[in-house]
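> The structure's right below; bear with me while I get my questions together.
The values are calculated or read from the model by the stated rules, or taken from the named source; none is laboratory data. Keep in mind the model is a prediction, meaning the values are calculated, not measured. With ideal geometry, Cβ positions are generated from the backbone for all residues, glycine too; neighbour counts draw on all protein chains shown. Accessible surface areas use protein heavy atoms only, side chains included; no ligands, DNA or RNA. Shrake-Rupley method; radii C 1.70, N 1.55, O 1.52, S 1.80 Å.
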Amino acid sequence: MSNILGFPRIGKNRELKKALESFWSGKSNEEELQQVAKDLRAKHWELQKELDFVCVNDFSLYDNVLDLAYALNAKPKRFKDLSGLEGYFAMARGHNVGVACEMTKWFNTNYHYVVPELSDEDNYKANANKIIKQYQEALSLGYKPKIQLIGLFTFFALSKITQGETKAIFDKLKKTYLELIEQITTLGEVMIEFSEPIFVKGLNVANNLESIYNNQMIECVYNEISQKGIKVIVSTFFEHSCELTEILLKTNIYGIGLDFVYGEKNKQSLEALAKSDKVLYAGVIDGRNIWITDLESKLALLDSINAFIPKERIVISSSCSLLHLPFSKEGEDNIESEILSWLSFAKEKIAELKTLELVFKGEKAAKQSLEENAKTILSRKNSLKTNNQKIRNRIQQNTLKQRNMNFKERLELQKNALNLPILPTTTIGSFPQTPELRALRLDYKKGNIDKATYEKGIKEYIKDCVAFQESIGIDVLVHGEPERNDMVEYFGEQLEGFVFSSNAWVQSYGSRCVKPPIIYGDVERKNPMTIEWITFAQSLTKKVMKGMLTGPVTILNWSFVRDDLPRHLVCEQISLAIADEIDDLQKAGISIIQVDEAAFKEGYPLRKENIKEYEKWALECFKTSTAIASPQTQIHTHMCYSEFNDIIKTIEALDADVISIETARSGNELLKVFKEVGYTHEVGPGVYDIHSPRIPNTEEIKKQIQALLEVLPKEQLWINPDCGLKTRKWEEVKPSLKNMVEAVKVIRSS
Ligand code: GLN
Ligand code: ZN
């Protein structure tokens with residue numbers, strides 16, 4: 001038997017994205033949108049028909065967590081008068097009656113869910129109509145459906161309590177959740193796969209939730225659901241969930257889904273599982289990465305599982321929903337055929353699952369597929385593209401792993417060399433990406449314009465950008481990043497070992513998709529990547545021009561990374577490529593270089609016990625990339641988030657001379673932790689929020705700076721916005737930055 005936990009819903013050619021955006025802009029109506037959705041579901045079920053069941057309710061117009069909130073009528077008060085799609089999209093995207101709910105990352109993926117808001121004033125009410133309808137839709141097309149539903153515990157843990165007592169709200173919500181299941185039972189004896197990824201965090205998910213996340217409660221809820229005549233599977237993924245498996249084994253559920261790709265330790269539960277009567281949904285095919293499956297090794301894994309559990313009780317499964325994969329590799333004609341043969345996206349993973357199932361059953365017919373697979377695996381293993389000895393040797397021999405002078409001494413040299421005023425002003429790198437600029441890059445990419453025309457256009461932008469910064473008196477200038485489409489793609493395109501797909505989109509949130517670079521081989525920098533633009537920009541001004549790079553950890557965390565090498569080794573290779581660039585920049589006379597690590601925190605493991613290891617190598621990689629900087633070269637870094645409390649020591653250990661961070665939205669709470677730990681390096685806490693079009697006035701920025709000065713001494717502070725300005729318009733950026741510089745001048749002279 002074989003199973004997946006969900007299929008990507010955006011569509012082969014992002015049909016859902018297009019339909020949603022057309023609906024939002026009023027170009028199409030609800031009926032047309034629903035028709036596109038229905039067609040997509042039908043197409044996606046067709047692709048799953050070889051599996052035992054097709055997934056129902058994995059589809060969503062925006063997000064599954066939001067769907068569940070809506071099905072329970074867990075709606076924030078500000079939207080209480082809105083219903084139907086209007087109310088649904090209001091929670092996701094905001095409405096003139098109130099702002100949208102927050103959005104945050106779904107565990108350690110790049111998918112973002114809408115955070116439900118719960119309060120004791122809520123009026124929960126179950127409505128399973130949508131689920132029931134889609135179930136019947138699948139039935140009427142002749143498929144055998146299985147319902148995917150987010151588990152109560154995961155839903156609750158991911159929600160935000162806005163008012164009231166936690167346990168009381170949980171009890172109320174639980175009642176309605178059970179009513180929702182009750183409604184589903186009108187369909188007869190259905191199978192529901194409950195996703196409970198929160199269980200991989202162990203029992204201590206959060207403080208003050210002990211009354212909810214305990215053996216009794218979990219047992220009780222799943223027993224109650226099982227009693228309703230439903231076949232219940234509870235699945236966890238992204239890590240092992242040994243502690244919770246123990247509890248689930250005491251319940252009457254039908255099956256347990258475990259991730260053996262990202263949660264090897266789940267093997268420890270096999271003995272206990274064997275003694276139970278439960279069916280094991282063994283997640284052995286990687287649902288998150290795009291590489292072909294090594295069927296032989298998966299077969300060995302299945303055999304080791306089978307040593308405990310009889311074959312009749314094993315369902316071969318994907319490790320998680322295939323939502324995090326692109327649709328299919330068909331049509332990726334720009335990728336070299338050898339590399340393409342190593343890839344497997346959602347559609348291909350289903351075929352692999354099926355083959356694995358047949359082989360596991362011992363069917364001879366599958367032998368040929370197995371042999372072909374072994375050949376491809378071998379070609380990947382032995383290819384020169386994946387084994388560049390020169391790069392491997394360089395990594396081994398590299399001894400330059402940290403800067404060779406301590407921060408205090410470096411700082412002295414830098415202060416003398418740079419001669420900056422107190423509270424130096426700067427920006428994070430990018431300036432507005434105008435439609436003209438995007439068109440220019442696209443025209444060049446498509447070959448509609450020649451190199452000279454393209455470069456002229458980019459240089460014009462840089463000139464304007466520099467002139468503007470000089471005119472308002474910013475101290476450390478940037479070139480504005482007009483040549484960059486994306487902070488990772490720009491570097492990936494110039495590095496060896498990366499490949500870019502034309503259509504491998506993955507949903508990030510709502511209608512938004514990303515197309516992550518694919519790191520297939522050893523990474524190396526062949527030629528300088530930024531020197532030309534930065535030195536051109538520097539030639540236009542006597543002020544300091546800041547070089548702008550993306551850091552190794554961020555490049556890694558925002559790519560699909562090869563799975564035949566440990567992540568830290570891939571990251572090390574990227575580090576040396578960045579080091580080469582830093583060296584060239586400083587040799588070209590650039591004295592401040594920013595190495596952005598926007599996604600440093602995203603790589604943190606889900607389980608506490610693995611954090612140390614990640615921090616160790618991520619830190620080492622950042623340090624390796626910047627070690628080449630001479631003491632006079634000032635290294636900046638930038639991070640986009642505001643929760644530093646638990647990682648502040650690691651941040652300091654990065655040893656960047658200056659770090660700019662997001663504080664504008666979180667007030668100065670964040671800064672306090674810098675003070676508490678006696679943070680010595682320089683800090684640029686964002687003084688205004690660039691995520692909103694609002695223009696801050698001089699007075700409020702002045703107040704913000706004064707507040708900062710109460711926490712950290714002026715010698716340690718830089719003044720800057722809280723992130724890059726590329727998503728803003730010039731009309732917003734110009735007055736905002738002008739006011740920022742103005743505010744600093746007032747403070748300096750007071
Ligand atoms: N230098 C980048 C920019 O300004 C940083 C982007 C980011 O932090 N996400 O756009
Ligand atoms: Zn940022």
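> Mind listing whichever residues of the range 696-728 are within 15 Å of ligand 1 (Cβ to nearest atom) and either polar (S, T, N, Q) or open to solvent by 50 Å² or more (accessible area, probe 1.4 Å) (or both)?
Matches in the range 696-728: N720, K726, T727.
> Only one of these conditions is not met by S211: (1) in a helix (DSSP H, G or I); (2) exposed (fewer than 15 other Cβ atoms within 10 Å of the Cβ); (3) of a type outside the set (K, R). Which number is it?
Here S211 clears every test but (1).
> Residue by residue through the range 554-613, note down the ones that are open to solvent by less than 10 Å² (accessible area, probe 1.4 Å), within 16 Å of ligand 2 (Cβ to nearest atom) and within 21 Å of I391 (Cβ to Cβ).
Residues satisfying the conditions are T554, I555, V595.
> Test of understanding: among G589, G547, G521, which residue is within 16 Å of ligand 1 (Cβ to nearest atom) and small (G, A, S)? So that I can check it myself, show each step before the final result.
Working: G589 fails: within 16 Å of ligand 1 (Cβ to nearest atom); G521 fails: within 16 Å of ligand 1 (Cβ to nearest atom).
After applying the criteria, what remains is G547.
> While we're on this one: Can you name the residue in the range 592-603 that is modelled with pLDDT of 95 or more and more than 11 Å from ligand 1 (Cβ to nearest atom) and, of all such residues, is farthest from K105 (Cα to Cα)?
Among those residues, the one meeting the criterion is I592.
> Give the residue, chosen from L301, L295, L258, that is touching a strand residue (DSSP E or B) at 6+ places or on another chain (Cβ under 9 Å) and open to solvent by less than 10 Å² (accessible area, probe 1.4 Å).
Checking each option against the conditions leaves just L258.
> Pick out the one residue from L437, L420 that is crowded, with 17+ Cβ neighbours inside 10 Å and away from ligand 1 (no atom under 16 Å from the Cβ). Explain how you work it out, then say what you get.
Values: L437 fails: away from ligand 1 (no atom under 16 Å from the Cβ).
Sole residue among the options that is crowded, with 17+ Cβ neighbours inside 10 Å and away from ligand 1 (no atom under 16 Å from the Cβ): L420.
> Take the residues of the range 30-57 that are open to solvent by 20 Å² or more (accessible area, probe 1.4 Å) and not in a helix (DSSP H, G or I): which is farthest from I181 (Cα to Cα)?
Checked the range 30-57; the qualifying residue farthest from I181 (Cα to Cα) is E50.
> Restricting the range 614-643 to residues that are surrounded by fewer than 21 Cβ atoms within 10 Å (Cβ to Cβ) and within 16 Å of ligand 2 (Cβ to nearest atom), which is modelled with the highest pLDDT?
Out of the qualifying residues, it is E643.
> Kindly list the number of the only condition in (1) open to solvent by less than 60 Å² (accessible area, probe 1.4 Å); (2) touching a residue at least 24 places away in the same chain (Cβ under 8 Å); (3) closer than 28 Å to M103 by Cβ; (4) part of a loop (DSSP other than H, G, I, E, B) that fails for S692.
Unmet condition: (2).
> Starting from the range 727-743, take each residue that is in a helix (DSSP H, G or I) and modelled with pLDDT of 95 or more and list its partners that are among the aliphatic types (A, V, I, L, M) and open to solvent by 50 Å² or more (accessible area, probe 1.4 Å), counting only C-beta distances under 8 angstrom and pairs at least six apart or across chains.
E732/I695; P735/I695; S736/I695; N739/I695
> For the range 395-409, check the following and say yes or no: at least one residue is more than 16 Å from ligand 1 (Cβ to nearest atom), among the hydrophobic types (A, V, I, L, M, F, W, C) and open to solvent by 100 Å² or more (accessible area, probe 1.4 Å).
Among the residues of the range 395-409, not one is more than 16 Å from ligand 1 (Cβ to nearest atom), among the hydrophobic types (A, V, I, L, M, F, W, C) and open to solvent by 100 Å² or more (accessible area, probe 1.4 Å), which makes the answer no.
> Same structure, new question: Would you mention how many residues in the range 620-651 are of a type outside the set (D, E, K, R) and either free of Cβ contacts under 8 Å to residues at least 40 places away in the same chain or assigned to a strand (DSSP E or B) (or both)? It would help to see each step written out before you state the result.
So the first thing to find is which residues in the range 620-651 are of a type outside the set (D, E, K, R), and the list is 621-622, 624-642, 644-645, 647-648, 650-651.
Filter again for either free of Cβ contacts under 8 Å to residues at least 40 places away in the same chain or assigned to a strand (DSSP E or B) (or both), leaving 634-639, 642, 644-645, 648, 650-651.
Matching residues across the range 620-651 total 12.
> I've got another one for you. Would the range 66-73 turn up any residue that is under 21 Å from F153 (Cβ atoms) and loosely packed, with under 15 Cβ neighbours inside 10 Å? Break it down stepwise before answering.
Within the range 66-73, the subset under 21 Å from F153 (Cβ atoms) is 66-73.
In the following step, the residues that additionally are loosely packed, with under 15 Cβ neighbours inside 10 Å were identified as none.
No; the residues of the range 66-73 include none that is under 21 Å from F153 (Cβ atoms) and loosely packed, with under 15 Cβ neighbours inside 10 Å.
> Just checking: which of the helices (runs of 4 or more DSSP H) contained wholly in the range 320-426 hold 3 or more residues that are closer than 26 Å to F237 by Cβ and under 32 Å from the mean Cα position of the chain (by Cα)?
346-361, 367-382
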